[in-house]
Amino acid sequence: MISILERAEGGDHLSKGDLLSLLSTAGVEESEALFAAARRARARTTGNRVFLYGFVYLSTHCRQDCHFCFYRRSNTRSPRYRKTTDQVVEVARTLADSNVHLIDLTMGEDPAYLDGDGPGELANLVASVRAVTGLPVMISPGVVDEEVLSALKKSGAEWYACYQETHNRSLFREIRPSQPFDARMEGKRAARELGFLTEEGILSGVGETSQDVVESLAAMKELASDQVRVMSFIPQTGTPFARRPPGKIEDELKVIAILRLVFPDRLIPASLDVSGLEGLKARLRAGANVVTSLVPPGEGLAGVAQSRLDIEESRRTVESVGPVLRACGLQAATRGEYRRWMDERMGQSVGAP
């Protein structure tokens with residue numbers, strides 16, 4: 001394993017066999033060697049700077065019925081809300097005042113925003129958030145057509161996030177029934193052609209094999225994803241997967257580290273949405289350089305994997321993550337540093353690996 005890590009740090013291409021070997025890492029000593037290599041790779045690209053993303057789940061209504069998601073259409077136990085534009089703008093202003101670097105506008109595939117005049121309202125909401133905060137905006141509306149993507153881009157959105165969860169078509173059909181695999185992939189390609197920065201992500205512990213993870217890494221490379229992520233599967237009440245075991249955090253950490261070695265210059269999130277502030281340090285030590293899902297208390301907002309975890313206790317704020325960053329020898333970047341990273345990435349040719 002050490003020779004694979006040395007080659008990875010030297011910039012060599014890792015074969016599928018190499019990646020499978022890294023995924024089979026076991027024991028404290030091997031894991032620490034993997035994580036240390038990932039941290040060194042991060043230090044060579046973004047140094048000790050970490051980017052912070054404010055998170056606004058603006059609508060929990062969804063027309064899809066994904067088997068793993070708490071907000072699936074048929075889940076009667078899921079709380080439903082749809083925030084007004086004024087409410088979203090006010091939350092975004094609060095997050096901006098706390099010194100986040102980006103506003104992540106996330107939603108279910110809400111027909112109120114995606115059908116009829118809804119796309120125009122969504123574009124206006126993005127424009128309002130951008131105007132009030134002056135910050136980059138990430139939009140996560142699910143699969144939308146190129147016309148909607150174009151409208152969102154013109155409104156000021158610069159990031160498009162749409163997670164495949166797995167690139168194994170059979171497993172994809174199991175977790176996202178009645179959704180076309182290719183349409184979801186093509187939406188990300190279309191967004192990139194329109195000039196968006198794009199984020200791709202996978203679920204860990206949802207039934208994938210190590211070979212599936214390797215195939216996902218190849219798909220992320222083919223998509224030229226600018227931000228790549230992995231999150232552990234968390235069973236959700238009221239879903240077909242409610243009785244499945246949760247994903248193992250150690251598997252998620254391993255994939256974070258491998259993502260850092262395969263994509264040394266990309267953004268890799270440490271999400272507060274899986275195990276909250278308690279799990280942040282481990283994800284940063286595995287090579288992540290973004291803290292996501294920062295949510296202000298008192299606004300009635302929900303998380304994705306953990307709808308309530310740490311939110312009202314003010315443990316998903318910029319202030320709360322500061323000590324964890326410092327304990328890891330890291331610090332929050334400036335907004336100028338984040339803007340420069342984005343501009344440099346946007347300046348690269350479309351489709352660059």
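Every read-out reported here was derived from the displayed coordinates using simple, explicitly stated rules and does not represent laboratory data. Note that the coordinates shown come from a computational prediction; the quantities given were computed from them, not determined experimentally. Quick reminder, even Gly has a Cβ in these numbers, built from the backbone with ideal geometry, and neighbours come from all protein chains shown.
Laid out as a table, the results:
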| read-out | value |
| --- | --- |
| Angle between the chain longest axis and helix 249-262 axis [Cα atoms, degrees, rounded to 10] | 80 degrees |
| Residues THR317, THR94 arranged by fewest to most Cβ contacts within 10 Å | THR94, THR317 |
| Neighbour-limited loop hits for trypsin sites (Lys or Arg not before Pro), region 197-297 (at most 14 other Cβ within 10 Å; DSSP other than H, G, I, E, B) | ARG243, LYS248 |
| Projected label distance in nm at SER170 and ASN99, using a 7 Å step from Cα toward the beta-carbon | 5.1 nm |
| Charge tally in the Cβ shell below 10 Å around GLU199, where Lys, Arg are +1 and Asp, Glu are -1, GLU199 excluded | 0 |
| Of the trypsin sites (Lys or Arg not before Pro) in region 33-111, those whose Cβ has at most 15 other Cβ within 10 Å and which sit in DSSP loop | ARG63, ARG73, ARG77, ARG80 |
| Taking ARG335, ARG316 and counting other C-beta atoms within 10 Å, the order from fewest to most | ARG335, ARG316 |
| Neighbour cut-off at most 15 other Cβ (10 Å), DSSP loop, chymotrypsin sites (Phe, Trp or Tyr not before Pro), region 19-119 | TYR81 |
| Derived scalar couplings ³J(HN,Hα) [region 300-310; Karplus, 6.51 cos²θ - 1.76 cosθ + 1.60; whole Hz; x for Gly, Pro] | x, 8, 10, x, 9, 6, 10, 5, 10, 3, 6 |
| The chain: angle of helix 181-193 to the longest principal axis, Cα-based, in degrees nearest 10 | 90 degrees |
| Order of ASP65, ASP86, ASP18 under a 10 Å beta carbon neighbour criterion, fewest first | ASP86, ASP65, ASP18 |
| Under 25 Å from LYS254, Cα to Cα: lysines that are on another chain or at least 8 residues apart | LYS16, LYS221, LYS281 |
